[in-house]
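The structure appears below as structure tokens.
The values are calculated or read from the model by the stated rules, or taken from the named source; none is laboratory data. Values in this document were obtained by computation on a predicted structure and should not be read as measured data. Don't worry about glycine lacking a Cβ; one is built from the backbone with ideal geometry, like all the others, and counts go over all protein chains shown.
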Ligand SMILES: CC(C)(COP(=O)(O)OP(=O)(O)OC[C@H]1O[C@@H](n2cnc3c(N)ncnc32)[C@H](O)[C@@H]1OP(=O)(O)O)[C@@H](O)C(=O)NCCC(=O)NCCS
């Protein structure tokens, strides 16, 4: 029974990887396949909050604010795949969600935590020092991408935490996620290290190394 489930999981991993090959091309395909099979890594990016915070004009008018409890239904309509429990846990643990609205509608969101930075993708925590804030789960509605909305939202987050006395912002991004890397780079993030894990069945090993300009 267990063996049947495991082979089912492997088959569906391969099916997902083939879907990636069709849509995103060979480079993404290879790493998504490795990721599905157990080899995963993320680029850790950092941005000091003392650095200048240039104003950003998004390509469409947006209002950026913190997500209120009263707007949770709107959040779930915007991210229907989000698990209600996860979002409640985030809010209860003090995570803040920043929301960009265009003509009143939520078009982009991004979360922050000041305590524990956890990546479900690696199943591990990302080390944070006092004065760090971790930005995660950025998302812009497909129809609004490429308008600097995530960039403008991020700059609002950075200013908010700079004014609150924080020192550094951190995020972790898949190396194949070019749009996210570009958005984060525009907001001043620089890659500092690569973290990852190799997992084969019950055995796994985490790794971390300084970023040297390319993946090895
Ligand atoms: C990553 C993401 C949040 C960026 O949002 P955005 O509002 O489009 O961000 P920006 O407009 O500031 O810039 C993103 C970059 O994406 C690329 N891009 C432009 N149009 C795009 C489109 N229609 N679709 C995807 N990417 C696009 C461009 O490189 C752009 O930078 P440029 O305009 O300076 O060339 C968005 O692509 C997204 O929601 N992706 C899916 C979720 C995800 O990957 N989140 C990141 C987790 S780390």
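Annotations
- Residues that are over 22 Å from residue 156 (Cα atoms) and either touching a residue at least 40 places away in the same chain (Cβ under 8 Å) or in contact with a strand residue (DSSP E or B) (Cβ under 7 Å, 6 or more places away or on another chain) (or both), drawn from segment 40-75: 40, 41, 42, 43
- The residues of segment 137-159 that are touching a strand residue (DSSP E or B) at 6+ places or on another chain (Cβ under 6 Å) and near the ligand (Cβ under 8 Å from one of its atoms), listed by number, are 137, 138, 139, 140, 141, 144, 149, 150, 153.
- Cβ pairs under 6 Å, 6+ apart, first in segment 142-157 and within 21 Å of residue 49 (Cβ to Cβ), second near the ligand (Cβ under 8 Å from one of its atoms) and assigned to a helix (DSSP H, G or I): 150/183; 151/183; 151/186
- Identity of the residue in segment 179-205, within 11 Å of the ligand (Cβ to nearest atom) and either at pLDDT below 95 or in contact with a helix residue (DSSP H, G or I) (Cβ under 6 Å, 6 or more places away or on another chain) (or both), that ends up farthest from residue 136 (Cα to Cα): 186
- Checking each residue in segment 102-124 for being more than 18 Å from residue 83 (Cα to Cα) and out of contact with any strand residue (DSSP E or B) (no Cβ under 7 Å at 6 or more places or on another chain) picks out 102, 103, 104, 105, 115.
- Residues in segment 160-178 that are within 16 Å of the ligand (Cβ to nearest atom) and over 19 Å from residue 35 (Cβ atoms) were compared, and the one that is nearest to the chain's Cα centre (by Cα) is 170.
- Subset tally (residues that are surrounded by 18 or more Cβ atoms within 10 Å (Cβ to Cβ), out of contact with any strand residue (DSSP E or B) (no Cβ under 6 Å at 6 or more places or on another chain) and in contact (Cβ under 8 Å) with a residue 24 or more places away in the chain) for segment 76-101: 0
- Screening residue 108 with (1) under 30 Å from residue 205 (Cα atoms); (2) at pLDDT 95 or above gives one miss only, at (1).
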